[in-house]
Every structure is written in structure tokens, then in C-alpha cells.
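Reading through the C-alpha cells given below for one structure.
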Amino acid sequence: MIDLHTHTDKSDGSTDAGDLVRLAVREGIEALAIADHDTLAGYDAAAPVAAEQGLELVCAVELSTRPGEAKLNGRRQPSVHLLGYWLLSPPSTEFRCWLESQQESRRRRNVELVARLEQLGVPVSLDEAEVYGRNQVGRPHFARVLCDKGYVANMQQAFDLYLADEAKASVERDEPSLEAGIQRIVESGGMASLAHPVRLPQRGSELAGLLKRLIDVGLQGLEVFHSEHSSADTAEYSELARRLDLIATGGSDFHGDNKPRIRLGTGIDSNISLSYSFLENMREMCAARQHRTSGKR
Ligand code: AMP
Ligand code: ZN
Ligand code: FE
Ligand code: FE
């Protein structure tokens, strides 16, 4: 069994990187990819533990990007998540530097968000949010503090009233466009895969059209297997990947206690089961493509 989509407490997971490696070993996972949001810090922290434990660790990241049209019918479009996998060589130093700049933009956003919440009469300090997001503070951490302080009844209400993209305290963050994210990953030697397509507004031929445009920019993969995919979704995305010659990727999107229904390796109610050969196939397909593109030059 393998799991190619997991989060640590370096982004919005609840599990320490070393603990995640030890959990993976206990659960019989043969290869684990840590794909934290906009950071490699979880992977970096896990690498020495994985080496010691004899676990194959795959370097990955999950970028938040803006779709081509930043606004649709005047509404800000939700972020699109993009996975990057480095199966053949590690990410470049340039890519690591660029990720640092993304972290900086998140910190600026958080400072503004603190000011907005204060203005709205529901103050949350950065220190309070950092209790939950020690390494990277995101909106879910603010949501938890809003709950704790009794300003809202639950996490969803925190988003609906204050934190969602169109809600009262919404602050825009300068995320890269989807196309720029793909280019960054590809230039740094990685493969880019569109994460959990089920969350996109597009389906069917509209999704196929979007994917074709992204393939032209360098997209190589589609996350066919994911905890939130029903078996019908998985069948649809699998067929789409086959038709468009995209590499199928997959993983649980484990977040520890922050998303307790999702189990490492097996997803929700065991809806995922990927064998080691799945990763081998991904790696072979990546290598074949690199060979092809270097031949073209
Ligand atoms: P951030 O990266 O700090 O902008 O936070 C993004 C995260 O907030 C997403 O990964 C979701 O987990 C959560 N989120 C964003 N919008 C909503 C929403 N409308 N309802 C519930 N959760 C949301
Ligand atoms: Zn996450
Ligand atoms: Fe995601
Ligand atoms: Fe994720």
C-alpha cells in the first residue's frame, strides 16, 4: 500500500512529520508522499526519519492557485489545488526560494485578516491562531479560534460569516495562476497533477477542455484516486486521464485529527487502495516523458 497525498502540521495537518512517518510504517505503507500546502518543510523534516525507518518518502507539494479567470460573474473563484511530485530528481533551489515567497504572502494575508476580524468585532490575534497552526497559519486555524471564543457555533459558520472567499473578513492573497503553478513545478523538475478534480466546478467535456489547455502548459497528471471521490467519480477521472494521456495519481489527503474521517493509506471507508506498482508506473511514465521532451529539444 502507498499514500501519495498527505499533510503534516507544517501546513494544516495535525501530525508531526516524524510521527507521520512512524504511523505510515506501522500501517504497512511502502511509499509516502508528503504534499503540504505551499511548503516542503514537512517533507524536509520527515526525510531523515524515513531514511532511518526504511520508508520510501516521495517529495511533493500542494500549491494553492487561482484559476485562469480570477473572477467569474463578479465572484472570486475558489483556489485550485495543484500537486507537484519530484519522482526523478529533487526540486530546484529556485523552486524552494519561490515557495518561501509564497509563505511570505500568506503571512501578509494573515496580518490583514487579523485587522479585518478586529474591525468586525470578533478579534482573533495571530498568537491565538498560531496555537493551532504553529508552522503555517491558515484560515481553518482562525476558524477554530472563532469557535473557541464563542463568536460562531462551528467551523463552517466561521467560514460562512467571516472567512470564506466572499465573506465579510475575506482578504485576497496573491496566489499564482494555475498555469504559473504548473510551469513552476515543471521547470523545477517535477510533475504537476491536478488535485481532487471533484472539487472543481467543471465536469465532463468542460473539464476535458480545461485539462487540454493545462496539458499545453505542462500538466502531466490528474488525481484520479482521492478520499472525496465516489467510485463513479474515480471511474470518470480514470477514463479522462486515459483519454488525455495524463498520469493517474492518488492519495488519501490525510490531515490527521483535522479531518478524522480520512485514514492514512485507505481514505474514507477504505475507498482507496493503491499498490506500490502504482508509484512505479507513475515514475516510468514521468521518465518516458522527460525522455520525449529532451529528444524534442
Ligand atoms: P488558506 O490556505 O489559509 O487560505 O485556507 C484554505 C483552507 O480553508 C481550505 O483548504 C479549506 O480547508 C478551508 N476553506 C476555504 N474556504 C472554505 C469554505 N467556504 N468553507 C469551509 N472551509 C473552507
Ligand atoms: Zn490541507
Ligand atoms: Fe487540496
Ligand atoms: Fe491536500
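As a test question: what accessible area, to the nearest 10 Å², does Val137 have when a 1.4 Å probe is rolled over all protein chains in place?
We get 10 Å² for Val137.
Report, please, the projected area of the stretch 79-186 averaged over directions, based on the convex hull of its C-alpha atoms, in nm².
7.4 nm²
Please state the relative contact order of the stretch 1-121 as a whole percent: Cα pairs under 8 Å, 6+ residues apart?
20 percent
Rounded to two decimals, what is the ratio between the C-alpha radius of gyration of the stretch 103-163 and 2.2 N^0.38 Å? Don't skip to the end; give the middle numbers.
Numbers: Rg = 10.5 Å, N = 61, 2.2 N^0.38 = 10.5 Å.
Compactness ratio reported: 1.00.
Using only protein heavy atoms and a 1.4 Å probe, report how much of Trp98 is accessible, in Å² to the nearest 10.
Surface open to solvent at Trp98 totals about 30 Å².
Can you sort Arg26, Arg76 by 1.4 Å-probe accessible area, starting with the largest?
On the way: Arg26 175, Arg76 25 Å².
So the residues, ranked largest to smallest area, are Arg26, Arg76.
Would you mind computing, in nm to one decimal, how far apart the modelled labels at Arg242 and Arg283 are, each placed 7 Å from Cα along Cα→Cβ?
Placing both labels 7 Å along Cα→Cβ, they lie 2.5 nm apart.
Send over the semi-axes of the stretch 247-297's equivalent ellipsoid, whole angstrom and largest first, taken as the square roots of 5 times the C-alpha gyration tensor eigenvalues.
Semi-axes, largest first: 32, 11, 6 Å.
Could you pull the accessible area for Asp174 with a 1.4 Å probe, rounded to 10 Å²?
So the heavy atoms of Asp174 present about 100 Å² to solvent.
Keeping every protein chain present and rolling a 1.4 Å probe, give me the accessible area per residue for the chain in Å².
Accessible area per residue: 46 Å².
Rg (Å, one decimal) plus Dmax (Å, integer) for the alpha carbons of the stretch 1-129?
17.3, 52
Based on a Kirkwood Rh over C-alpha pairs, give the Stokes-Einstein translational diffusion coefficient of the chain at 25 °C and viscosity 0.890 mPa s in µm²/s.
124 µm²/s
Given +1 on the Cβ of Lys and Arg, -1 on the Cβ of Asp and Glu, and no further charges, what dipole in debye does the chain carry about its Cα centre, rounded to the nearest 20?
Dipole magnitude for the chain comes out near 700 debye.
I need to check one value: relative contact order of the chain, counting alpha carbon pairs closer than 8 Å and at least 6 residues apart, in percent.
Once divided by the residue count of the chain, the mean separation gives 21 percent.
Taking N as the number of residues in the stretch 148-297, what is its alpha-carbon radius of gyration divided by 2.2 N^0.38 Å?
For the stretch 148-297, the normalised Cα radius of gyration comes out at 1.22.
The values are calculated or read from the model by the stated rules, or taken from the named source; none is laboratory data. All figures in this text were calculated on a predicted structure; none of them were measured in a lab. Positions of Cβ are backbone-derived with ideal geometry, glycine not excepted, and every protein chain shown enters the neighbour counts. For accessibility, only protein heavy atoms count, side chains too; no ligands or nucleic acids. Shrake-Rupley method; radii C 1.70, N 1.55, O 1.52, S 1.80 Å.
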